[in-house]
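Enquirer: Can you keep this structure in mind? I'll have questions shortly.
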Amino acid sequence: MKYFNKLFVFISNPNNTIWFVFALFSIFTLLTIKIYRLPWFDEVFLADVSLNYHKEGLILRYIHNPFELEEELAWGPVYFIINSWVISLFNFGIWQMRIVNLLLGLFVLYLTIKTFQKLNISTNLILWGLLLIITDSELSFSLHSGRMDMVALFFLFLAVYIFFFSTIRSLPKFLFCGILIGLGGLTATRILTLLPLLILFPLSSRNWKEMQNKFLDLIITFIGFISIYSIWIYSKFGGINNYLEYFFTYGSNRPYLGKGSLVNGSFIERFFRNPRYIPIFILFYFSIYLYLRYEFKKTSPIVFFIILLCCSFIGIIGWGYYFLILPFVYIVVLYTYHKIKYVWNTNKYLVISYKWLLIFVFIINVCFLSYHILKIYVTYNDLTNSNTKEIISRKVECGSKVLADYRYYYICKKLNCQFVGLPYNDVSIEEYSPDFIITKELTFSHPDYKYVGDLDYDRWKPASSIGIIDKALNLISNRKKYSTNAFIFEKVK
């Protein structure tokens, strides 16, 4: 009992409460690292490239075409190098391929809290902001995604944090910031779409001399960025022209990429396809408007136009990657509320309206996070893969060639199988000639393959044996989409 009393005394301090909530969220995130979602296309693609880099020192995409020897250079080597170290230390598996993105994503959350404190936001507001962020389901989704975006965001955010909040103004500091940004770009190139916002930094100056100094700081940072990026460009592409040509032709050579990207559909269509983002983005733009209205009264309207243009650009280019700007969005929102409440001379109705907007966003966040937690609960047996592993191990021979859905990747790799993913790949069945095919398509038919079993251990359960609550949960969670059920076909000898 005395330990609970000590804990209560500890968290009664608002500042301690912030770190207690952060610790609880970190523990929850780590405990759900393997079960938050099934392996999926992007994660498996990057995991396979990481494994190939660990074995051969080359960025190869055997998962799409085992005969392809050309390196995959759309991303830099940073993420794959780090994952290679993880494989060396902890072997290869699902949590090993998610842990780097997750841990550095938690560090991004830590930097967000420290940024709140550096901006002198009140402790109670910081706690409120932390609750807003951790209930945003996009954060948990991104932390468990197995992608490299949180790693890239970590490098960029650390650079921004040092750039703005370090009191030392020196050449090494700004060169180091540029190198960090370069490492972020060499992790995920899309992170560089945030760089135009740094150009706004000198425009916030109060006089010409201050603006000159800030432009000089940016130039030094840019030199650091160029120095590390040039090493990659000239070592792998031979020059800037070859680098640009590679990127302009990349999409046309990879038809399986970009299926859910922003290239498809108008911005308005994509916006309303994800209605849960609407409240936070309305609040975000409203915050920018209020900040400029009260903080930049004598500043040219062109600054407001540039900020809106940059934010729209980020939204259009990175709409499928909202989590890249998630911490910055909440920093702007909380900082504006702090200014409204404690600094600016505003009427009480504006404070109350803004507060209720924050509460509305929080409610939306909680609803969607609850949905994802419910989905984990309903599909837990599928996510743990216990029966699936046993069946595949019994039906599929070790060391065989497998053509399968991406959710079976880690299981097949444990069996030392050569794996090519379905449905996106660059090789036909005849060319690859797999020993086994694992597919969700019941109608699959091929003269060279025979049906040998399935993974659908719940398929023959009578409908009457499923309770009303279970039926409702299955409907809500879209269990069919998140299950590991599939059919196994073996090549006729």
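The values are calculated or read from the model by the stated rules, or taken from the named source; none is laboratory data. Bear in mind the structure is a predicted one, so any value in this text is a computation, not a measurement. Virtual Cβ from ideal backbone geometry, glycine too; neighbours counted across all protein chains shown.
Enquirer: Which of the residues belonging to region 138-161 are surrounded by fewer than 19 Cβ atoms within 10 Å (Cβ to Cβ) and touching a Ser or Thr at 6+ places or on another chain (Cβ under 9 Å)?
Expert: If the condition is that a residue be surrounded by fewer than 19 Cβ atoms within 10 Å (Cβ to Cβ) and touching a Ser or Thr at 6+ places or on another chain (Cβ under 9 Å), then TYR161 is the only one that fits.
Enquirer: Could you check how many residues of region 36-61 are surrounded by fewer than 19 Cβ atoms within 10 Å (Cβ to Cβ) and in contact with a helix residue (DSSP H, G or I) (Cβ under 7 Å, 6 or more places away or on another chain)?
Expert: Qualifying residue count, region 36-61: 3.
Enquirer: Could you run through region 90-132 and say how many residues are in contact with a Pro (Cβ under 9 Å, 6 or more places away or on another chain), of a type in the set (Val, Ile, Thr) and farther than 19 Å from PHE164 by Cβ?
Expert: Of the residues in region 90-132, 2 are in contact with a Pro (Cβ under 9 Å, 6 or more places away or on another chain), of a type in the set (Val, Ile, Thr) and farther than 19 Å from PHE164 by Cβ.
Enquirer: Still on this structure, please answer the following. Scan region 431-448 and tell me whether some residue there is modelled with pLDDT of 90 or more, part of a helix (DSSP H, G or I) and of a type outside the set (Lys, Arg).
Expert: No - not one qualifying residue is present in region 431-448.
Enquirer: Let me ask something else about it. Could you name every one of the helices (runs of 4 or more DSSP H) located completely within region 96-182 that has at least 2 residues being over 30 Å from LEU46 (Cβ atoms) and either of a type outside the set (Ser, Thr, Tyr) or in contact (Cβ under 8 Å) with a residue 40 or more places away in the chain (or both)?
Expert: Counting at least 2 such residues, we get 123-134, 149-165.
Enquirer: On to the next question. Among the listed residues LYS413, LYS401, LYS389, which satisfies the condition of being surrounded by fewer than 20 Cβ atoms within 10 Å (Cβ to Cβ) and more than 22 Å from GLN96 (Cα to Cα)?
Expert: Going through LYS413, LYS401, LYS389 in turn, just one is surrounded by fewer than 20 Cβ atoms within 10 Å (Cβ to Cβ) and more than 22 Å from GLN96 (Cα to Cα): LYS401.
Enquirer: Still on this structure: Which members of region 48-67 meet the condition of being of a type outside the set (A, V, I, L, M, F, W, C) and outside any loop (DSSP other than H, G, I, E, B)?
Expert: Selection gives ASP48, SER50, ASN52, TYR53, HIS54, LYS55, GLU56.
Enquirer: Shifting gears a bit: Sort out which residues of region 60-84 are over 21 Å from the mean Cα position of the chain (by Cα) and free of Cβ contacts under 8 Å to residues at least 40 places away in the same chain, and write them in order of number.
Expert: Answer for region 60-84, where residues must be over 21 Å from the mean Cα position of the chain (by Cα) and free of Cβ contacts under 8 Å to residues at least 40 places away in the same chain: LEU60, LEU69, GLU70.
Enquirer: Of these, LYS440, LYS450, which one is surrounded by fewer than 17 Cβ atoms within 10 Å (Cβ to Cβ), touching a strand residue (DSSP E or B) at 6+ places or on another chain (Cβ under 7 Å) and not assigned by TED's automatic domain parsing to the domain that holds VAL49?
Expert: Within the list LYS440, LYS450, the selection yields LYS450.
Enquirer: Pick from LEU143, LEU158, LEU131, LEU180: which is more than 27 Å from LEU283 (Cβ to Cβ) and modelled with pLDDT of 90 or more?
Expert: LEU180
Enquirer: Now a separate question. Which number in (1) more than 17 Å from LEU103 (Cβ to Cβ); (2) assigned to a helix (DSSP H, G or I) marks the one condition that ARG37 misses?
Expert: Looking at each condition in turn, ARG37 falls short on (2).
Enquirer: Right, here's the next one. Which numbered condition in (1) modelled with pLDDT under 90; (2) surrounded by 13 or more Cβ atoms within 10 Å (Cβ to Cβ) is the only one that SER252 fails?
Expert: Exception for SER252: condition (2).
Enquirer: Shifting gears a bit: Could you grab the pairs with beta carbons closer than 6 Å, sequence gap of 6+ or different chains, first residue in region 44-56 and under 13 Å from GLU72 (Cα atoms), second one modelled with pLDDT of 95 or more and small (Gly, Ala, Ser)?
Expert: From region 44-56, the pairs are TYR53/SER84.
Enquirer: Now a separate question. Does THR299 satisfy being surrounded by fewer than 16 Cβ atoms within 10 Å (Cβ to Cβ), polar (S, T, N, Q) and modelled with pLDDT under 60?
Expert: Here the answer is yes, as THR299 does meet what is asked.
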